[in-house]
Amino acid sequence: MRGSLTRALAGALGLVTAATGLVAGAAPAVADGVVVGGSPAAIADAPWVVALSSRDRFGGTRAGQFCGGVVVAPTKVLTAAHCLGREVLGGAPWQLRDFSVIAGRAALLGQGGQEVRIADTWVNPDYDPSTNSGDLAVLTLAESLPQSYVIEVAPPGGAAENPGTAARVYGWGDTTGSGRYASSLRSAQVQVLPDAACERAYPGGFGGVSYRGDTMLCAGDPGGGRDACQGDSGGPLVAGGLLVGLVSWGSGCGEAENPGVYTRVSTVLPKRI
Ligand code: ARG
């Protein structure tokens, strides 16, 4: 149990320490390159990706970015439930007076796009912080984003979730596995992996978290090197033009034997939000 929590919160906690200038315990570097092993992404090609931001909490050097999110309706953004945890935000979400999303902007310190305040937050009541199952939250924006930013959610059990399907993950997270956070949006190509790959990697027991395919989706690079990493949590995994996952957890970053675990949006997202 303890191990799971550490994994789930490592990303955002790493950013807290980065913002305050302290050095967090660094994970071993596994690849160079959200996302590790990725490349710069243009926001025009991925207008649904947003950064969750609070400069009050995380400092201004990276515009307060601490997690990712994805636009699923003009006033609705999905993110990981663990991004809204007390350990991350230091209190309840509504206590962060400048909690916003940065949309339409790839470079965190750049111009363009918009920053929109979050008017309301909803955390999946089935989210289990000890196992990370159901790691999804819905943010309601104070103002609408353009309809052109919206991405469609994949249907449950559809082709986009099939093992072997090419997918891309997006974010401003650690690019090295050792605490180097991106200042501009990056993406990496991975593939949807069979549940068995994550069941093998994350069998649970002895304080570890286990993978469960009904609420989680396994994806990665079978050869290792390309993966999401700390700070990418809540950001999208896109396959066939549809949203299939939200960055949730994993052991290390880009290790061939430890794929990324994503929230399976098709089954966890309620029919109406
Ligand atoms: N929990 C991390 C975060 O809060 C995301 C970790 C994803 N790790 C991975 N190897 N895919 O940012």
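Every number here is computed from the coordinates shown, using simple stated rules; none is lab data. If you're wondering where the values come from, they're calculated on a predicted model, not measured in any experiment. Positions of Cβ are backbone-derived with ideal geometry, glycine not excepted, and every protein chain shown enters the neighbour counts.
This model, with +1 at the C-beta of Lys and Arg and -1 at the C-beta of Asp and Glu, gives the chain a dipole about its Cα centre of some 440 debye. Considering only 138, 104, 39, the residue lying farthest towards the positive end of the dipole of region 28-161 is 104, judged by Cα position with unit charges set on Cβ.
Using Cβ point charges alone (K and R +1, D and E -1), the dipole size of region 113-190 about the Cα centre works out to roughly 380 debye. Each Lys and Arg adds +1 at its Cβ and each Asp and Glu adds -1 at its Cβ; summed about the Cα centre, region 171-273 shows a dipole of about 360 debye. Panel order for 143, 255, by other beta carbons found within 10 Å of each beta carbon, from fewest to most: 143, 255.
Here is the tail figure for the chain: Cα pairs spaced more than 25 Å apart come to 35 percent of all pairs. Taking one quarter of the surface of the convex hull spanned by the alpha-carbon atoms of region 209-254 gives a direction-averaged projected area of 3.7 nm².
With θ taken as phi - 60° and the Karplus curve 6.51 cos²θ - 1.76 cosθ + 1.60 applied, the whole-hertz 3J(HN,Hα) list for region 87-101 is 5, 8, 8, x, x, 6, x, 5, 7, 7, 6, 10, 5, 9, 10 Hz, x standing for glycine and proline.
Distance from the C-alpha centroid of region 82-127 to that of region 145-162: 21 Å, rounded to the whole angstrom. Net length available on complete extension from residue 144 to residue 75 is 24.3 nm, with 0.36 nm assigned per residue and the Cα-Cα distance removed. The residue among 254, 228, 215 whose Cα reaches farthest toward the positive pole of the charge dipole of region 213-267, with charges on the beta-carbon of Lys, Arg, Asp and Glu, is 215. In percent, rounded to a whole number, the relative contact order of region 132-240 is 33, using alpha-carbon pairs under 8 Å and six or more apart. Report the far tail of the P(r) of region 71-116, meaning the percent of Cα-Cα pairs longer than 14 Å. Of all Cα-Cα pairs in region 71-116, 60 percent lie more than 14 Å apart. Taking label positions 7 Å along the Cα-Cβ direction at both residue 184 and residue 95, the computed distance is 3.7 nm, reported to one decimal.
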